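Undergrad: Take a look at this one; I'll ask things after.
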Amino acid sequence: MDRNSSSGTCHFLGRSLVCWSSKKQNCVSLSTAEAEYIAAGASCSQLLWMKQTLKDYGINLKKVPLLCDNESAIKISQNPVQHSRTKHIEIRYHFLRDHVLKGDIVISHVKTEDQLADIFTKPLDEKRFSALRCELNILDSLNV
């Protein structure tokens, strides 16, 4: 109704889901790429917090992987040049780009059908919901 995108993220430590979120974005995006880029930036900040927490426990990670299903958002994050497609994106959302360029975060593509965060943001049929729930290592409460 309000044209704001919903974004979802899930964060793993090994194969264990340790953090997830689902949020309606604060601003209206002009494109899907922009909405995905903003969501990836929010995910980046959570990943960097997790990286620092692990460092406090003596576990040092060099490059943290971030998976995104939108190739345009990935290209925006890897291109330091401001151009007509990105000039309207607020500066604060370029947090992701800065960390990709520093090498803290390695962003790569995941197929849309393999995007686990869809379980938090989209209405899914039972088959897809069950498959994603299984990938997230969440038990079916009816079969326990």
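Undergrad: Excluding same-chain residues fewer than 8 positions from Lys24, which lysines have a Cα within less than 22 Å of its Cα?
TA: Excluding near neighbours in sequence, the set is Lys122.
Undergrad: Once you list every other residue whose beta carbon is under 10 Å from the beta carbon of Tyr37, what net charge do they have if Lys and Arg are +1 and Asp and Glu are -1? Don't skip to the end; give the middle numbers.
TA: Values: positive: Lys75, Arg97; negative: Glu34, Glu36.
Around Tyr37, the surrounding residues sum to 0.
Undergrad: May I ask you to sort Val110, Val18 by Cβ crowding, counting other Cβ atoms within 10 Å and putting the fewest first?
TA: Working: Val110 15, Val18 10.
The most exposed by this proxy come first: Val18, Val110.
Undergrad: Can you sort Glu36, Glu126, Glu71 so the residue with the fewest Cβ neighbours within 10 Å comes first?
TA: Values: Glu36 22, Glu126 7, Glu71 11.
With the fewest neighbours first, Glu36, Glu126, Glu71 line up as Glu126, Glu71, Glu36.
Undergrad: Also, I was wondering about something else. Tally Lys and Arg at +1 and Asp and Glu at -1 over the other residues with C-beta under 12 Å from the C-beta of Val64: what net charge comes out? If you can, show how the numbers build up before the last one.
TA: Numbers: positive: Lys51, Lys55, Lys62, Lys63, Lys102; negative: Asp104.
Neighbour charge sum, excluding Val64 itself: +4.
Undergrad: For Lys63, list the lysines whose Cα falls under 24 Å from its own Cα; do not include residues on the same chain fewer than 8 positions away.
TA: Partners within reach: Lys51, Lys55, Lys75, Lys102, Lys111.
All of the numbers you see were taken from the coordinates with simple rules; none came from a lab. Just so we're clear, the structure is a prediction, and the values are computed from it rather than from any experiment. Note that we place each Cβ from the backbone using ideal geometry, even for glycine, and neighbour counts take in every protein chain shown.
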